[in-house]
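What follows is a set of notes on a single structure, which appears directly below.
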């Protein structure tokens, strides 16, 4: 069997994703579609609206055959590490291609860009360093550096978030010379961060915005998602009595920072360059999570970077914990969250050739990375009532979701 | 001026305390009554019902001239360290006597007991060790050891909590040969842990029990406290929108433990003998704070000891933080919470002869112990809304309360 990989968050799974899966299947000609999905915390440094287990079923009903979890230390990271973990996970289960969405929908632009980048990497690094020294953020400095290399043409603009992620996937594949064919398809809606819903295909951002504003599934939102997502959103609300958003964690993360010394804060992954003092100082005045991030924010630190740091504080992820990722040549395991019968057949065949263990529950494994995963799950559920928290955490110990396709 | 010291918690300040102050004043013949009071967390390992600043005014209206804060690392401790910090604080402000309540009300019993104890200390230690090895708790083992020394007569029973505290005060005074006269007065109500209210003099335990059960100040409770305590309890409820009790901290402390490794938990002060594993394991099933303590409890660990450990986890107090206390010959400062004009005159005169700084706010001082105090205050207020939390914390930065007597 021939597998194609997708790198996703499904927060929540919506019609745009269904479309992406169909297009990717067509483009790749694969028999088995494999998604690697962020767990309870997302790349942008936010809790997922509903937990990972409730984000899987709709994908399995819409053309995905296997859902794997992107481990926490790769998921809540800037694009290079996020891409590295995703691509390596897909490589370990033997995909022949990886298909991602982009502005142009033409893979040759990415390949060419990579070649230019490798050739002029020294110039990129020098320009990046010069701009960072001026006190601007990494994404801004990187944009200038790509421009310097000629990588901001209309066909291939590395200032656009989707293109940056795609470019990181390409780098992760080509730098390790992995036997994976990169594929891209053009995005159907107007943009990554589109704020409003206009039809049956909407951005995840606009859907979440409506869900949180209305605290219920409106008619408008209903049209944008498969029935199974609606069911899972409702089920989660029934069980957990809430959907997840940063503001719900404000009391807990504020408590945590207020009882840490600046020295302890500096041990947290991502807290660099004296940011520990800024976080402590602003904590005294912050009256909400958004207010706090706004007070920490400067030209140098993007909102996303600060949110990621807050996730690491919340989950108690230290610089020392990240060493296992930095020194690793590949992911320590592949975690299976759900599969169809097709996916099961694929994995049964593939399993014996895998170089890393295939893990389905937190139960019996004591890999240090699974311990980080467990802490992340505990932090994610911490805002729930004791009974709800215990019930939902049980999912971490159970067998993967199997969907009869 | 001649000063007498009292060692108190005032949680809350009630008629029994008024009586104690009057009796102590009479017995000591002092012009100035000085109370050293636990701050926001108490010796039994519990948050105080209202913060320290709201527990001071009633005392100043009822015969106390100066209220000092017992630093956190001495307050949430077993009797010997609690007594050491209290007696040293009172010594630094130059009290000539210390007066405490006891069952017998006869100081000679304490002095004699101390002499016997010193003479047979080796036997005490050996018996203690033998019994501890059997897996019983320290208080139980200590009771056996005192009995072995003949220190459990009807006149002087070191199994009773009040007598144990008194005995610890005596030890702290006599071991350092401090020029302080120990005095004791008989307790007026039937016991330390009396559960029900019977008249105008009731135990703090019975008062708190009613306050929490009824969530308001009942007629029965009203009779047991001076008007100023009533006012402060109401004021605090108006400002903070709650009174403090362990259950309100359950979500926060549970979150904290669930995101700590066992190794990090073992670094917390008081977490010894593998208790970190027991705390982590029981956390998975606990559905309330009381349920959790009950699950941790064994013959070896008393409820109080476990509660104290939970306070140290909540405030993030590590074994390394306690080194400053263990190696200190006296307290690093004396913190003034409030005073009358009489108290002010006493301190003005006394101040220049003090060996340690007299501190009134957290503001400009960076003693490591004041940093622990700040963390404790932040942990204490963490259950409140952001605005209330900020408003109440401001008190830590203000000048002491002055009452015009």
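The values are calculated or read from the model by the stated rules, or taken from the named source; none is laboratory data. Everything numeric in this text was worked out from a predicted model, so none of it was measured. Neighbour counts are summed over all protein chains in view; Cβ atoms, including those assigned to glycine, are modelled from backbone coordinates with ideal geometry.
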### Given (1) within 13 Å of another protein chain (Cβ to nearest Cβ); (2) more than 30 Å from residue A:30 (Cβ to Cβ), index of the condition residue A:302 fails
(1)
### Query
Mind checking which pairs have a first residue in segment A:111-128 that is within 18 Å of residue A:157 (Cβ to Cβ) and a second that is in a helix (DSSP H, G or I) and at pLDDT 95 or above, Cβ under 6 Å, 6 or more apart or different chains?
A:114/A:170; A:114/A:174
### Message
Let me confirm something: among A:39, A:45, which residue is buried (at least 21 other Cβ atoms within 10 Å of the Cβ) and out of contact with any strand residue (DSSP E or B) (no Cβ under 7 Å at 6 or more places or on another chain)?
### Response
A:45
### Task
Can you confirm whether segment B:173-185 contains a residue that is touching a helix residue (DSSP H, G or I) at 6+ places or on another chain (Cβ under 9 Å) and farther than 28 Å from residue B:329 by Cβ?
yes
### Query
Condition test on residue B:53, is it out of contact with any strand residue (DSSP E or B) (no Cβ under 6 Å at 6 or more places or on another chain), assigned by TED's automatic domain parsing to the domain that holds residue B:98 and not in a loop (DSSP other than H, G, I, E, B)?
yes
### Message
Here is a list: A:289, A:310, A:212. Which entry is under 22 Å from residue B:385 (Cα atoms), modelled with pLDDT under 95 and outside the structural domain of residue A:391 (by TED's automatic domain parsing)?
### Response
A:212
### Query
Does segment A:17-36 contain at least one residue that is within 18 Å of residue A:332 (Cβ to Cβ), modelled with pLDDT of 95 or more and within 10 Å of the chain's Cα centre (by Cα)?
yes
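Are any residues in segment B:99-116 assigned to a helix (DSSP H, G or I) and crowded, with 20+ Cβ neighbours inside 10 Å, and if so, which ones? Outline the logic, then answer.
Step one: of segment B:99-116, the residues assigned to a helix (DSSP H, G or I) are B:107-116.
Matches in segment B:99-116: B:109, B:110, B:113.
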### Query
Taking residue B:346 and the conditions (1) assigned to a helix (DSSP H, G or I); (2) in the same structural domain as residue B:55 (by TED's automatic domain parsing); (3) under 25 Å from residue A:263 (Cα atoms); (4) at pLDDT 95 or above, which numbered condition does it fall short on, given that it satisfies the others?
(3)
### Query
Can you name every residue in segment B:341-366 that is closer than 17 Å to residue B:93 by Cβ and either without any contact (Cβ under 8 Å) to a residue 24 or more places away in the chain or within 14 Å of another protein chain (Cβ to nearest Cβ) (or both)?
B:348, B:351, B:352
### Query
If you go through segment B:221-231 one residue at a time, do you hit one that is away from every other protein chain (no Cβ under 14 Å), modelled with pLDDT under 95, in contact with a helix residue (DSSP H, G or I) (Cβ under 7 Å, 6 or more places away or on another chain) and exposed (fewer than 15 other Cβ atoms within 10 Å of the Cβ)?
yes
## Note on the structure
residue B:241 meets each of (1) under 21 Å from the mean Cα position of the chain (by Cα); (2) within 14 Å of another protein chain (Cβ to nearest Cβ) with one exception, condition (1)
### Residue list for segment B:387-405, filter: in contact (Cβ under 8 Å) with a residue 24 or more places away in the chain, more than 23 Å from the chain's Cα centre (by Cα) and either assigned to a loop (DSSP other than H, G, I, E, B) or more than 23 Å from residue B:95 (Cβ to Cβ) (or both)
B:388, B:391, B:404, B:405
### Query
In this structure, is residue B:336 in the same structural domain as residue B:380 (by TED's automatic domain parsing), modelled with pLDDT of 95 or more and crowded, with 19+ Cβ neighbours inside 10 Å?
yes
## Note on the structure
Across segment B:299-327, the tally of residues that are assigned to a loop (DSSP other than H, G, I, E, B) and touching a residue at least 12 places away in the same chain (Cβ under 8 Å) stands at 6
### Query
Does any residue of segment B:133-140 turn out to be surrounded by 15 or more Cβ atoms within 10 Å (Cβ to Cβ) and part of a loop (DSSP other than H, G, I, E, B)?
yes
### Residue satisfying all of: in segment A:248-278; buried (at least 20 other Cβ atoms within 10 Å of the Cβ) and away from chain B (no Cβ under 14 Å); nearest to residue A:372 (Cα to Cα) among these
A:270
### Query
What residue, of A:385, A:367, is in the same structural domain as residue A:52 (by TED's automatic domain parsing), at pLDDT below 95 and either surrounded by fewer than 19 Cβ atoms within 10 Å (Cβ to Cβ) or within 21 Å of residue A:269 (Cα to Cα) (or both)?
A:367
### Query
Counting only residues that are surrounded by fewer than 19 Cβ atoms within 10 Å (Cβ to Cβ) and outside any helix (DSSP H, G or I), which one in segment A:279-298 is nearest to the other protein chains (Cβ to nearest Cβ)?
A:287
### Summary
Sole miss for residue A:384 among (1) within 10 Å of chain B (Cβ to nearest Cβ); (2) in a helix (DSSP H, G or I) is condition (2)
### Summary
Looking across segment A:388-405 at residues that are within 14 Å of another protein chain (Cβ to nearest Cβ) and loosely packed, with under 15 Cβ neighbours inside 10 Å, the single one that is farthest from residue B:283 (Cα to Cα) is A:397
